[in-house]
Amino acid sequence: MKRFDVPSLSFLAMIMFGSAIGSASIIPTLTSETGPVAGLFTYNYDVVLDAQQNLISGNVLCFAGVTGLGGTPTAPGGWTAVNQAGACPVAAGTTSPNIGQSVLNTYTGATVLGGTDLGNFSFQSTVGTAGSSNLAYGAVGQKKSNLTSTANQGQVNGPVSGVPEPGSLLLLGSGLGLMLIKRFRLS
């Protein structure tokens, strides 16, 4: 029987924790990037509400740390969309520094039950990346089972700078450190 040592168990715990953070209830997916028109690329997202969640007035979907944010964001009926300086009001993204420009979408309509396509959201940026970068997002919904507020976060393709995020560097450094510890313990 294989014996698990502390570094192996630590690595396994990091993977499990990372996948738990990545779970989502309001889920955006990049559907297209168009442009540039007047120097701005438009990023379009389809957003789905998980079957375990409700959407109530005041819930939010926020894209954090958008590089080159400009123009006017759009959202489906029942939502307001604004560009804002600074961080999202939710902990947007698993590794995002959560700084810079953000796009805040706030729901103002009637309650929506889970398992619903919420429609198309868009914003504009001076940066065109063909959807190759990881843009952090955060969202707040309502858990169906007990009607409490629940937040989710993750990453989606969008316009961000190519500078590695501090959390990514920490994760990389931790993994390398664990591999070195394991290598020297086996020698």
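The values are calculated or read from the model by the stated rules, or taken from the named source; none is laboratory data. These numbers come from a predicted model, not from an experiment. Positions of Cβ are generated from backbone atoms using ideal geometry, with glycine treated the same way; all protein chains shown enter the neighbour counts.
General observations
- Each residue in segment 111-160 was checked for being surrounded by fewer than 15 Cβ atoms within 10 Å (Cβ to Cβ), hydroxyl-bearing (Ser, Thr, Tyr) and under 19 Å from the mean Cα position of the chain (by Cα), and 2 of them qualify.
- Tally of residues being part of a loop (DSSP other than H, G, I, E, B) and either of a type in the set (A, V, I, L, M, F, W, C) or crowded, with 23+ Cβ neighbours inside 10 Å (or both) across segment 60-82: 1
- Scanning segment 117-144 for residues that are among the β-branched types (Val, Ile, Thr) and modelled with pLDDT of 90 or more yields a total of 1.
- Where Asp46 falls short, out of the listed (1) modelled with pLDDT of 90 or more; (2) charged (D, E, K, R); (3) not in a strand (DSSP E or B): (3)
- In segment 85-116, the residues that are at pLDDT 60 or above, of a type in the set (Val, Ile, Thr) and in contact with a Ser or Thr (Cβ under 7 Å, 6 or more places away or on another chain): Thr106, Thr108
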